[in-house]
Amino acid sequence: MRVLLAEDDELLGSGLRAGLRQHGFAVDWVRDGVAAERELLTGQHAVAVLDLGLPRQDGMDALAAVRAKGARTPVVVLTARDAIGARIQGLDSGADDYLVKPVDLGELAARLRALVRRAHGAADTRLTLGEVTLDPAARQVWRGDQPVVLSLREFDLLHAFMRQAGRVLTREQLEQQLYAWGSEVSSNAVEVHIHNLRRKLGGGLIETVRGVGYVARRPPT
Amino acid sequence: MAARPLSLTRRLMAMVLGFVLAAWLVTALVAWFTTEHELSELLDAHLAQTTALLLASELDVPVEDDARPAPVLLRKYQSRVAFQIWRDGRLRARSTDAPEEPLAPAGVQGLSEQRLAGKRWRVFTAEQADARGSAITVHVAEQLSARRHVLLASLRGTLLPLLLVLPLLAVGVGWTVRRALRPLHALGHRVAARSPRALDALPQDGVPAEVQPLVHALNGLLGRVAEQVAGERRFTADAAHELRTPIAAIRMQAQVAQGATQDEERRAALDATIAGCDRATRLVDQLLQLARLEADAVDTQPAAGRDIPTDLTAVAARLVRELSDAARARGQQIRLECPPRPVDVPMSAALTAVLLRNLLDNALRYGPDGGTVAVQLLPAQATHGVRLCVEDAGPGLSDADLARLGERFFRVLGSGQSGSGLGWSIVRRLARLHALQLHIDRSPALGGLRVTVDWPRA
């Protein structure tokens with residue numbers, strides 16, 4: 001899952017990036033409010049962590065601006081401003097969650113997962129598609145009752161398909177959702193991962209839509 | 001025992017009553033002397049008149065009638081008035097209580113004062129020869145005590161009512177004074193009833209003109225206190241807020257180290273944790289410095305008394321030595337130029353070091369790797385004071401940033417440096433406390449920031 005991190009403090013930013021990576025997120029890090037607004041508007045991130053005291057543009061202003069333009073990326077505000085008024089203002093400006101520094105890494109990761117889950121309309125923490133079940137928090141996958149071992153990328157790819165079940169995703173969209181900036185992505189990386197997923201979970205799970213991309217269809221009930 | 005506070009009521013009453021009493025005494029004295037004078041004249045005239053009357057009647061009396069007592073005419077003052085009629089050295093007639101010897105020695109004419117049988121008399125004497133050639137002498141006398149008696153009685157009549165009025169006057173004055181001071185009491189109650197948090201101005205309406213300056217001064221003080229309290233509250237909030245970020249970073253890096261699967265990742269996270277601790281420590285140090293400076297500012301005259309002249313060259317040399325190691329780690333060097341003799345500034349050594357350290361710290365922090373920081377110490381020609389210049393080769397500051405410099409916690413964004421933005425607040429505060437001139441511009445030699453500090457003449 002790709003996360004946008006907007007934090008101007010070097011030490012905290014590098015910690016957040018490393019910590020979220022440990023929890024399986026791909027992290028894009030921006031250091032000012034203008035870049036945060038620009039990246040939020042691309043809609044490429046599953047979720048965003050936003051500091052409020054950002055240079056060039058306050059985080060609150062960036063958030064209000066992208067919400068006004070219709071961007072729906074879930075946003076967790078992470079800030080030192082703990083006054084009730086600031087919390088209310090933050091949530092009313094379009095934040096989906098409001099955390100006061102310092103924050104526990106595990107809690108932050110859990111909240112990010114919860115936001116992503118809710119954004120896709122699922123209250124259940126586990127995603128199920130046919131006989132495949134995926135637990136984002138535990139990063140585990142089962143086919144029927146059998147646990148399946150997936151690589152980091154394979155898991156992320158399956159998670160993306162299951163989150164957006166029934167939606168046709170292009171190769172570019174999949175790459176954008178999986179890889180942080182600067183990651184080396186070979187041209188056929190997505191194809192290779194899909195091939196492996198089909199091998200491990202059965203061929204019927206992910207269909208190829210010729211000339212467009214791929215889709216994971218819900219089986220008719 | 002504490003001295004009893006001065007009571008305006010008591011003082012006003014004492015003064016008013018004192019003046020009334022003094023005026024009354026003067027009036028009484030003047031009345032005494034005028035009455036005495038007039039009374040003497042009147043009674044003397046009576047003496048003369050009576051003497052003339054007796055003399056005239058004696059001239060007409062036949063010689064055979066011998067000494068006879070005078071008819072009783074005077075009652076109360078009978079014993080105090082007397083007359084004698086002498087004919088050729090013989091007492092012809094006298095009043096009942098008159099003595100047998102002459103009331104006045106021979107040869108005395110007209111008014112005189114005599115002492116007879118222990119009493120003082122006012123005597124009028126007249127002499128004349130009758131148709132038969134006999135010498136007739138008439139004395140009419142009056143005891144002086146009788147006169148004083150009359151005088152006192154008349155004075156009592158006029159002055160006694162005043163004496164009775166005096167206590168009434170005291171009560172009246174007391175009531176008036178207390179009533180006039182009532183707005184002062186009301187003001188006192190209003191101030192006493194205030195909560196310590198209510199720092200808004202006292203209302204000026206209904207306050208008498210005499211108390212207006214006090215209320216005005218009080219409001220000024222309240223304003224300053226409110227400003228200070230707000231400043232402290234803001235400072236605490238800012239400080240807590242500012243400490244959150246390094247603490248969050250430390251916690252995050254520690255958790256990263258905890259969860260790291262590779263040694264390299266763990267080592268990097270632990271290094272970052274330590275860096276975070278250093279930063280938090282520095283921030284706390286600076287906050288404490290600033291808090292101490294604020295506390296000094298609250299003492300009214302902090303700078304004057306405790307200032308010891310400090311040799312700026314010694315402080316600068318020591319700090320340059322201390323900071324050189326850290327500077328070398330980034331390939332930076334500090335160049336110190338100062339005169340070979342001591343340069344004294346009117347500031348304690350500790351505060352001078354704080355000022356210089358913050359300036360040098362900023363210059364090193366924002367200067368590039370391998371850059372130079374120049375410290376120059378020179379006598380300022382114009383002011384006869386001392387001038388200190390610290391220059392760096394950093395990016396300098398935009399005009400907008402220059403304007404915000406010295407706001408607490410303001411730091412130049414995007415500089416990549418993890419300063420707290422407190423160093424400048426400290427420098428500014430010190431400058432204000434010690435009347436130093438601060439000037440910031442672009443360094444002509446190094447291209448970065450140049451900070452000039454001017455001390456006034458020691």
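Every number here is computed from the coordinates shown, using simple stated rules; none is lab data. Remember, it's a predicted structure, so these values are computed and weren't measured experimentally. Counting neighbours? That spans all protein chains shown, and the Cβs are built from the backbone with ideal geometry, glycine included.
Helix by helix, which DSSP H runs in chain B go 18 Å or more along their axis at the Cα atoms and have an average Kyte-Doolittle hydropathy of 0.5 or more?
Values: long enough: B:8-60 (77 Å, 0.90); B:144-180 (51 Å, 1.08); B:212-259 (70 Å, -0.05); B:263-298 (52 Å, -0.19); B:312-329 (26 Å, 0.48); B:349-366 (25 Å, 0.71).
Qualifying helices, which must be both long enough and hydrophobic enough, are B:8-60, B:144-180, B:349-366.
Viscosity 0.692 mPa s, temperature 37 °C: Stokes-Einstein D of the protein assembly as shown from its Kirkwood Cα radius, in µm² per second? Display every interim value, and only then the final one.
Values: Rh = 36.3 Å.
Rounded to a whole number, D works out at 90 µm²/s.
According to the square roots a ≥ b ≥ c of the eigenvalues of the Cα gyration tensor, what is the shape class of the stretch B:171-325, taking rounded for a/c under 1.5, prolate for a/b larger than b/c otherwise, and oblate for the remainder? Judged from the Cα gyration tensor, the stretch B:171-325 comes out oblate (a/c at least 1.5, b/c at or above a/b). Sites listed here are trypsin sites (Lys or Arg not before Pro) in the stretch B:133-203 whose DSSP assignment is loop and whose Cβ has at most 11 other Cβ atoms within 10 Å: B:ARG197.
For peptide A:94-104, what's the mean number of Cβ atoms from other chains within 10 Å of each residue's Cβ? Mind showing how you got there, number by number?
On the way: counts 0, 0, 0, 0, 0, 1, 2, 10, 11, 4, 3.
Rounded to a whole number, the mean comes out at 3.
Placing a label point 7 Å from the Cα of B:ASP344 along the Cα-to-Cβ direction, the residues of the stretch B:442-458 whose backbone N falls under 14 Å from that point are B:457-458.
Restricting attention to the stretch A:39-145, which trypsin sites (Lys or Arg not before Pro) occupy a DSSP loop and are surrounded by at most 10 other Cβ atoms within 10 Å?
Working: sites: A:ARG56, A:ARG67, A:LYS69, A:ARG72, A:ARG81, A:ARG87, A:ARG111, A:ARG113, A:ARG117, A:ARG118, A:ARG126, A:ARG139, A:ARG143; in loops: A:ARG56, A:LYS69, A:ARG72, A:ARG81, A:ARG126, A:ARG139.
Counting only loop positions with at most 10 other Cβ atoms within 10 Å, the trypsin sites (Lys or Arg not before Pro) in the stretch A:39-145 are A:LYS69.
All Cα-Cα separations within the stretch B:105-169 were binned at 10 Å from zero, giving a P(r) of 18, 29, 21, 16, 10, 5, 2, each value a whole percent of the pairs. GNM, chain A, Cα, under 10 Å: largest mean-square fluctuation among A:ASP51, A:ASP135, A:ASP32? With Cα springs under 10 Å in chain A, the top fluctuation among A:ASP51, A:ASP135, A:ASP32 is at A:ASP135.
A straight Cα-to-Cα reach below 17 Å connects B:LYS119 with the aspartates and glutamates B:ASP97, B:GLU100, B:GLU101, B:GLU142, residues fewer than 8 places away in its own chain not being considered. Helix A:189-201: angle to the longest alpha-carbon principal axis of chain A, degrees 0 to 90, nearest 10? Once rounded, the angle reads 60 degrees. Each Cα pair under 8 Å and six or more residues apart adds its separation to the average, and for the stretch A:21-139 the resulting relative contact order is 20 percent. Computed from Cα positions, the angle between helix A:152-163 and the longest principal axis of chain A comes to roughly 90 degrees.
Consider all pairwise Cα distances in chain A and report the whole-number % of them above 31 Å. If you can, show how the numbers build up before the last one.
Values: 5512 of 24310 pairs.
Tail of P(r) above 31 Å: 23 percent of Cα pairs.
Can you tell me the orientation of helix A:59-68 relative to chain A, as the angle in degrees between its alpha-carbon axis and the longest Cα principal axis, to the nearest 10? Orientation of helix A:59-68: about 60 degrees from the principal axis.
When Rg is the radius of gyration of the Cα atoms in the stretch B:212-297 and Rh is its Kirkwood radius, what does Rg/Rh come to?
Values: Rg = 21.1 Å, Rh = 15.8 Å.
With Rg and the Kirkwood Rh in hand, the quotient comes to 1.33.
Working note: 222 nm ellipticity from helices only, DSSP H runs with n ≥ 4, each -39,500 (n - 2.57), summed and divided by the residues of chain A, gives -12500 deg cm²/dmol to the nearest 500. Of the residues B:THR34, A:THR133, the one with the fewest other Cβ atoms within 10 Å heads the list, and the complete ranking is B:THR34, A:THR133.
Can you figure out the FRET efficiency of B:ARG179 with B:ARG156, using R₀ = 35 Å and their beta-carbon distance, to the nearest 0.05? E between B:ARG179 and B:ARG156, to the nearest 0.05, is 0.50. Gain on full extension, evaluated as 0.36 nm per residue between A:ILE84 and A:ALA119 minus their Cα-Cα distance, stands at 10.1 nm. Mean residue ellipticity, 222 nm, helices only, chain B: the sum of -39500 (n - 2.57) across DSSP H runs of n ≥ 4, divided by residue count and rounded to 500, is -18500 deg cm²/dmol.
The stretch A:162-196 and the stretch B:189-254 have Cα centres spaced 59 Å apart. Sort the stretch A:2-119 into rounded, prolate or oblate with this rule: let a ≥ b ≥ c be the square roots of the eigenvalues of the Cα gyration tensor; rounded if a/c is under 1.5, and if a/c is not under 1.5, prolate when a/b is larger than b/c, oblate otherwise. Note, shape of the stretch A:2-119 comes out rounded. Within the protein assembly as shown, DSSP assigns beta bridges of which about 75% are antiparallel (rounded to the nearest 5). Partners of A:LYS101 within straight-line reach, counting aspartates and glutamates whose Cα lies under 16 Å from its Cα and excluding those fewer than 8 residues away in the same chain: A:GLU7, A:ASP8, A:ASP9, A:GLU10, A:ASP51, A:ASP82, B:ASP238, B:GLU242. How are the Cα pair distances of the stretch B:8-167 distributed, in percent, across 10 Å bins from 0? With 10 Å bins starting at 0, P(r) equals 9, 31, 24, 14, 10, 7, 3, 1, 0. What translational D, rounded to a whole number of µm²/s, comes out for the stretch B:179-239 from Stokes-Einstein when the hydrodynamic radius is the Kirkwood one over Cα pairs, at 4 °C and 1.567 mPa s? Here the translational diffusion coefficient equals 100 µm²/s.
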